[in-house]
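The values are calculated or read from the model by the stated rules, or taken from the named source; none is laboratory data. All of these numbers come straight from a predicted model, not from anything done at the bench. Because the Cβ atoms are built from the backbone with ideal geometry, glycine has one as well, and the counts that use them run over all protein chains shown. Side chains included, ligands, DNA and RNA excluded: accessible areas come from the protein's heavy atoms. Shrake-Rupley method; radii C 1.70, N 1.55, O 1.52, S 1.80 Å.
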Amino acid sequence: MSQPAVEAAGVWKYFGDYPALREVSFQLRGGECLALLGRNGAGKTTLLRILAGLSGASKGAVKIHNGDVRASETRARIGWLGHAIGLYDELSARENLTAFGALYGVSMAAIQEWLERVSLNHVADSPVREYSRGMRQRLAVARAFVHAPDLLLFDEPFTSLDDKAIALLQSLLSEARANGATIILSTHQIREAMELASKVALIERGQLAHFGPRTEAMLGDPSYIYRTFGTAA
């Protein structure tokens, strides 16, 4: 059996004396998509930031393709989209992608392709400060994909997207998964997440209340995971 694409082993995270994560352990392999669910404050964003190498675990270990998550060669394999979408307002969409792509040797042809795929080619040379929230989110999606990562970590990626853009993002994620990428998707839009997921995790008060395959019951009833495995009020 191939080695895990993502492995969390006994991960704890403290903020002062408060444990935001408690003994979190799981594995994912290439081509799997994990829907990471939980109420606000459960620990989802904290876990994603540790997996992305943006924060360190207080205890435990994280490996990405058996490599150190904070090593530069490992981080080059990660596509990240968080709450703060991290764009330069004074630069254009093309300049934003060019600056990011320069870190990973991305060609101008790939940058142009992604501007077209997220329907921003017509405003590619306008400053991002003039964009709507949805346009900015689409540009952030392009930035997460442009260097062809094999691990995608998305925190509430459907925010501010209209139905057409949500369908586009689902299509991009499905394509990436079919090509062997691993995806971890944290969102309150459970129905969209379930359509993509092969695995489902529910995190409550920093602990995994559930981790396992997505079932037809979960797909048919977005509240099923909370009613069946949830304990938090």
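Within region 22-53, the only residue that satisfies the criterion of being at pLDDT below 95, more than 20 Å from L196 (Cα to Cα) and in contact with a Lys or Arg (Cβ under 6 Å, 6 or more places away or on another chain) is G53. Exactly one residue out of A193, A176, A167 is assigned to a helix (DSSP H, G or I) and under 26 Å from W12 (Cβ atoms): that is A193. In region 1-37, the qualifying residues are those that are without any contact (Cβ under 8 Å) to a residue 24 or more places away in the chain and assigned to a strand (DSSP E or B), and the one that is surrounded by the fewest Cβ atoms within 10 Å (Cβ to Cβ) is Y18.
Scoring R129 on the criteria (1) open to solvent by 30 Å² or more (accessible area, probe 1.4 Å); (2) assigned to a loop (DSSP other than H, G, I, E, B) leaves a single failure, condition (2).
In the list I203, I183, which residue meets the criterion of being of a type in the set (V, I, T), out of contact with any Asp or Glu (no Cβ under 8 Å at 6 or more places or on another chain) and crowded, with 18+ Cβ neighbours inside 10 Å?
Matching residue, one of I203, I183: I203.
Residue by residue, here is whether (1) surrounded by 17 or more Cβ atoms within 10 Å (Cβ to Cβ); (2) in a loop (DSSP other than H, G, I, E, B); (3) out of contact with any Ser or Thr (no Cβ under 6 Å at 6 or more places or on another chain) holds:
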site: R39; (1), (2), (3): no, yes, yes
site: T46; (1), (2), (3): yes, no, yes
site: G53; (1), (2), (3): yes, yes, yes
site: V62; (1), (2), (3): yes, no, yes
site: R70; (1), (2), (3): no, yes, yes
site: E73; (1), (2), (3): no, no, yes
site: G79; (1), (2), (3): yes, no, yes
site: A84; (1), (2), (3): no, yes, yes
site: E90; (1), (2), (3): no, yes, yes
